[in-house]
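Novice: Here you go, one structure.
What follows is calculated from the coordinates using simple rules that are stated; it is not laboratory data. Remember, it's a predicted structure, so these values are computed and weren't measured experimentally. Because the Cβ atoms are built from the backbone with ideal geometry, glycine has one as well, and the counts that use them run over all protein chains shown.
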């Protein structure tokens, strides 16, 4: 195995039981979390005054590590089994992939800020904005969370309906702002002086946050606000309902896919060694836990009526296995 | 194709890849959104003072376009395949359809306001109300959002149970208002002076908005308010639960309808050209995405056991297709 | 038909198309709603001062009607098909049934108040409490809402899990009160002076109402409050999740019950006249809409493969029927 | 039966109809609840001053009972059918089991506090903290709530996805704190003086609690806060959706397990006496109610087509049984 292959393996595709690969993962996860904590604490003035030097050294160290990581990933990505083709094109494609862009975003602000210099950021606001951009390093963590996969999959499949729900919410916001502006402007000319200002009240009410800094006081305004907050209940219900339906369908579909694979493997009566491995890989990819998988196996065997013995191990089935 | 047929097609039923039809859609959507933004900004006094002329010109231009659109739709609706019968009746029916009324509502306030004149609106409140009516143009957008279809379908099917949940909510509101009025009137005679006034507190609490402008201070009132806000959790849960169940059932039913059509088409062993087109149309109408449709096809083939070849394309099935 | 039978039918079990039965229903529903509005408005002092006589007359009239209704129901309940046995026992059982108790509760406060008199209610608080008891007449409406049936059924089946969720909520409330009391008592000795007082903050925070009248100000208190409000999100999620699962299962079970009845009726190949009536009755009882029922019929026919003709009407099936 | 066996039975595994076992249960549950109420009330100063002696006596009595209970459980746990092996190891394993630790936690603070003494708790804060630790006795109640079982099972199965949702929430919190700090620090230098301080606003807004003690006032800050509170709706929806999907799947899986057992028992055509008992036990363990179980039986019989008679009782099936 070449050094480049080994680096690719360590950074992206190591076996779950490779100790060096896990060490690299844990080191990078730890560094990202330490970075976020440091960036947050560096905004606290007493701490910044006292430990400013340490924060700066830690930042330089982190940037060095993340830059090295970026370059190593860019160099080794051509050896990943999922990325084929000519090296230059593969590297460009990796740079433009979501994970590649996130890795670039984690280091770019530092260099931009360093070369342009503090003079270019005229105001304190821009300075705070630039410093905080480093918080986007958090997104580097998405690489390590397999459970996010299911959530993102559900969100992508339900995107159409969620967008429709969001546009209904925007309709409601506009109409609520208009209504309260009509009803309350005469009494509270400052708080509801125009529709954009009234929208602040509308969004805080319809999301049921309810700060109470702007509140209707006329009878008409209060009745209208009551109706708007009842609508708010519905607005909370819509995304929950869409996502609940989506989660169940996604998990159900994944189980069905796994079930079809089990049925196919069971056709010959017994599960072969090679099929068992493929099933295990598919199970991992679909995020099905082993208890669920065992139940699927029992059910499939039960329906196809392949006798009283487990088709994969050959031992007789007891009912103890079917009870959870 | 006559000019009227072409207009009908452009406005209502053009093919997805007809560039002129899409241009008309995008122009109208853009104009509606620009209108809403303009109406909102026109309430901001400095902007109204400075760009008042521009806002007025834009309003006249928009009304001209929307009036033209309304007349063209009214003229051409007799050529739509879904509307048959005598032209005068068809036109009247279109005028009274929800979409026809929305289109009328988008232009009517302007003409009413113009002919009756500003003198008829004695108060500023009426003036603001009239001007804001133009915001209802937003509803013209419903025409362009196919995903709203699913939401409206779910809401219609669950209307009975949602209405029951709403009436339970109203029961709770009345009882909560009465309870807090009994317990707090002696201490806060102004905030809880009668049940209608106490209802303001009840609705803001039960929807968990919680402004904090009216708050119980006695021990009895606080205990009662705690119970009411716990009931509020349940009130938030009811519509979410009803809709989640409804969304899942609706999507499930649509998939079942599609599955039956696939089974029927597969009866002969292979899907014919004409059936494939019909299936595609049905898939579009039911809002099933192509991945889901592919899975259905694989499953149906699997259950009916029609061999190892795809019944639609005739190629042998690999397991790569069943994995997601 | 005897007069008693006719009264029983009018009040409890009339056919949906019996005009007199519907008139009785609408009159009673209208009277209950008018009562609630009158009771609420009678607490508004200017209205009470001006229309006090009218409110009193309306109250006497309502009590007369509700008393008559109660006596008629008590008299005629022995003729209801669902209540058999000896008249005295049947009447007693009706009196003790939930609906019987609600009807008694609607009139009893008036008589108790009338005979004991205003002198017995020493304080204004008791007076307000007694007057408001008449609001419980609202519960008489439950008789007329068939959709509540599904909700009550779900709530009853999920009662065990909902009670467990409620006890988890109570655990959290006690622990949150204790924590904030420990952390904030030194800084805000009045607002968090003991655990029962701190519980007011805890319940308003964990239900996400968040009035803001009592708010932690120390760093420790704010961190703890942040954790408590994140727990609040979970507390909102639990009942919604339990009920969503329950609603779906309940609707699914009802559809399965209906499906079994359809399968039984279809066994002979065609649905007989008498079976069709029974199916219609069952459909009504289970609250399945006609579109759903039609889909079930199509599916059952499809699975049992009873040819290309509708088994109930004998006409050939087109695919237009299977599309929604 | 030896005394140790009887004690084990009374405390842990008595039959549901054993009156002495139920008495022990009710006594312990009552004592725990009385303890919690006493601990809460003892923080109220007037009550503590007046009934301090009683609270102390009750505490000593409770500790005596709970210590006795702990020792008896430790002594008798070796006789439980679920715990086998050498007594010393079994006892150690019980001590380290969750229930054993909870029982220890209920009494340990008293002894620690008693031997170390009040002098060791320098501050009032530590004193309040120690006294409140006794509230953890509440967790002893988990032993008696079988419905918690289902909830814990769902939470454990969905733990991965819930953790992913929680980390998304933390991302959002960090980004929201940064954003509002950038936008509002110039205007409200005290409320948003650094990111940790701004996080207080972020968590109260994103959980939709919305106290209103810290509120953005600039236009930029308000627009950003509106976006954050809309994100809050989604954050509320995620756990509800994940749990709803999880609850439904868990209940569905349990029903499927029970169904498989029924199918197995029905294979011979009729359910034998011994099978019926086993089914009943499994039904109890899985928490399936008897109505559900009856429906499963009817359905299984229906599908396997075992005639028109109930396979367990031999009587002919009427359709009255299939209607709910």
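Novice: For Cα pairs less than 8 Å apart in space and 6+ apart in sequence, what is the mean separation divided by the residue count of segment D:146-324, i.e. the relative contact order in percent?
Specialist: 18
Novice: Quote to one decimal, in nm, the extra length available between residue A:186 and residue A:111 on full extension: 0.36 nm per residue of separation minus the C-alpha distance between them.
Specialist: Separation in residues times 0.36 nm, less the Cα-Cα distance, equals 21.7 nm.
Novice: Moving to a separate point now. What's the center-to-center distance, using Cα atoms, between segment A:121-200 and segment B:126-201 in Å?
Specialist: About 23 Å separates the Cα centre of segment A:121-200 from the one of segment B:126-201.
Novice: Let me check against my output: what whole-number percent is the relative contact order of chain A, with C-alpha pairs under 8 Å and at least 6 apart?
Specialist: 11
Novice: Could you work out the equivalent-ellipsoid semi-axes for chain D, taking the square root of 5 times each eigenvalue of the Cα gyration tensor, largest first, in whole Å?
Specialist: 47, 37, 17
Novice: Taking the label point 7 Å from Cα in the Cβ direction, how far apart in nm is residue C:186 from each other copy of itself, listed shortest first?
Specialist: Distances between equivalent label points, in nm: 3.9, 3.9, 5.5.
Novice: Also: Given the Cα-Cα distance of residue A:67 and residue A:252 and 0.36 nm per residue of separation, how much length would full extension add, in nm?
Specialist: Going from the current span to full extension adds 62.4 nm.
Novice: Report the calculated FRET efficiency for residue C:263 and residue D:227 (r = Cβ-Cβ distance, R0 = 51 Å), to the nearest 0.05.
Specialist: Plugging the Cβ-Cβ distance into 1/(1 + (r/R0)^6) gives 0.45.
Novice: If each of residue C:96 and residue B:45 carries a label point 7 Å out from its Cα toward its Cβ, how far apart are those two points in nm?
Specialist: 7.1
Novice: How many nm separate the modelled label positions at residue D:57 and residue C:290, each set 7 Å beyond the Cα in the direction of the Cβ?
Specialist: Computed distance between label sites residue D:57 and residue C:290 equals 7.4 nm.
Novice: Between residue B:86 and residue A:5, with labels modelled 7 Å along Cα→Cβ, what's the label distance in nm to one decimal, could you check?
Specialist: Once both label points are built, they end up 8.4 nm from each other.
Novice: For segment C:3-144, what does the relative contact order come out to in percent, with C-alpha contacts under 8 Å and a separation of six or more?
Specialist: 30
Novice: Suppose the chain between residue B:219 and residue B:167 were pulled fully straight at 0.36 nm per residue; how much longer would it get relative to their current alpha carbon spacing? Display every interim value, and only then the final one.
Specialist: Working: separation 52, 0.36 × 52 = 18.72 nm, distance 2.94 nm.
The residue B:219-residue B:167 span can extend by a further 15.8 nm.
Novice: What shape does segment D:248-294 take by its C-alpha gyration tensor, where a ≥ b ≥ c are the square roots of the eigenvalues and a/c under 1.5 counts as rounded, a/b above b/c as prolate, and the rest as oblate?
Specialist: Prolate is the answer for segment D:248-294, as a/c is 1.5 or above and a/b outweighs b/c.
Novice: Would you calculate, for the protein assembly as shown, the mean residue ellipticity at 222 nm contributed by helices, counting each DSSP H stretch of 4 or more residues as -39,500 (n - 2.57) and dividing by all residues, to the nearest 500?
Specialist: After summing the helix terms and dividing by the residues of the protein assembly as shown, the value is -24000 deg cm²/dmol.
Novice: Considering only the label points, 7 Å along Cα→Cβ from Cα, what distances in nm to one decimal separate residue C:64 from the same position in each other copy, shortest first?
Specialist: 6.9, 6.9, 9.7
Novice: For the protein assembly as shown, take the alpha-carbon Rg, divide it by the Kirkwood Rh, and send me Rg/Rh.
Specialist: With Rh from the inverse mean 1/r over Cα pairs, Rg/Rh is 0.96.
Novice: Starting from a label point 7 Å past Cα on the Cβ side, list the distances from residue A:27 to the same position in the other copies, nm, shortest first.
Specialist: Those separations, rounded to one decimal, come out as 6.2, 6.3, 8.8 nm.
Novice: Hey, another quick one. Compute the angle between helix D:148-157 and the longest alpha-carbon principal axis of chain D, please, reported from 0 to 90 degrees and rounded to the nearest 10.
Specialist: Helix D:148-157 sits roughly 70 degrees off the main axis of chain D.
Novice: Here is a follow-up. Shape of segment A:128-267 from its Cα gyration tensor (a ≥ b ≥ c, root eigenvalues): rounded if a/c is under 1.5, otherwise prolate when a/b > b/c, or oblate?
Specialist: The shape class here is oblate.
Novice: When every alpha-carbon pair in segment C:3-144 is counted, what percent end up more than 17 Å apart? Please list the in-between numbers first.
Specialist: Values: 6471 of 10011 pairs.
The share of Cα pairs beyond 17 Å in segment C:3-144 comes to 65 percent.
Novice: How big is Rg to Rh over segment A:1-78, alpha-carbon atoms, Rh as the Kirkwood inverse-mean-distance radius?
Specialist: Rounded to two decimals, Rg over Rh is 1.12.
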